[in-house]
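Heads up, the thing below is written out as structure tokens.
The values are calculated or read from the model by the stated rules, or taken from the named source; none is laboratory data. Because the structure is a prediction, the values reported are computed rather than measured. Every residue, glycine as well, gets a Cβ built from its backbone with ideal geometry; the counts of neighbours run over all protein chains shown. With ligands, DNA and RNA removed, areas are computed over all heavy atoms of the protein, side chains included. Shrake-Rupley method; radii C 1.70, N 1.55, O 1.52, S 1.80 Å.
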Amino acid sequence: MWIYEKKLQYPVKVSTCNPKLAKYLIEQYGGADGELAAALRYLNQRYTIPDKVIGLLTDIGTEEFAHLEMIATMVYKLTKDATPQQMRAAGLAERYVNHDGALFYENAAGNPWTATYIQAKGDPIADLYEDIAAEEKARATYQWLIDISDDPDVNDSLRFLREREIIHSMRFREAVEILKEEQNRKKIF
């Protein structure tokens with residue numbers, strides 16, 4: 001179903017080793033409003049969405065995996081040269097003890113990812129409004145990450161991701177209107 005191109009959707013550069021920033025970015029890796037939850041939500045919802053918009057959920061769900069890969073790359077680059085002391089100072093001692101440098105699906109507070117982050121009601125309009133909210137929450141989180149980051153290279157990638165969340169929200173809003181129009185259309189048998 002997918003063709004994997006062995007490059008990131010957008011280049012990821014990191015200026016310096018910064019485990020503290022990596023800790024915050026982990027929110028978008030395994031948090032409730034992060035990329036993994038979004039990808040799984042959309043790819044799951046597409047089974048109960050009308051054919052008119054099923055491709056949209058497939059496309060955006062797939063793109064969210066590309067975003068997940070970008071976040072993973074940023075976290076890896078921000079921590080790859082960190083000492084255990086730097087990891088501890090950044091509040092990542094528990095993560096380091098459990099996973100060393102491996103990525104793990106958790107939020108910035110260290111809580112593991114859970115399937116309760118994924119919403120699927122089976123009602124197309126309800127699900128699309130949930131998706132709009134998810135994209136807006138991700139957009140807000142990216143903005144807050146930019147606000148606390150002092151790494152211009154990381155911020156460049158974060159701005160790209162924030163803008164993609166805006167586009168996804170707009171596309172889901174369009175899908176809602178398509179389905180509402182379809183519902184309101186007179187059906188003649």
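Considering only the range 83-94, state which residues are outside any helix (DSSP H, G or I) and open to solvent by 20 Å² or more (accessible area, probe 1.4 Å).
Across the range 83-94, the qualifying residues are 83, 91.
Exactly one condition in (1) assigned to a helix (DSSP H, G or I); (2) free of Cβ contacts under 8 Å to residues at least 24 places away in the same chain is false for residue 109; which is it?
(1)
Would you check which residues across the range 95-123 are open to solvent by less than 50 Å² (accessible area, probe 1.4 Å) and touching a strand residue (DSSP E or B) at 6+ places or on another chain (Cβ under 6 Å) and list them?
Of everything in the range 95-123, just one residue is open to solvent by less than 50 Å² (accessible area, probe 1.4 Å) and touching a strand residue (DSSP E or B) at 6+ places or on another chain (Cβ under 6 Å), namely 106.
Restricting the first residue to the range 49-69 and requiring it to be at negative phi, which pairs with a second residue that is assigned to a loop (DSSP other than H, G, I, E, B) and open to solvent by less than 30 Å² (accessible area, probe 1.4 Å) meet a Cβ separation below 7 Å and a spacing of at least six or different chains?
The qualifying pairs are 57/49.
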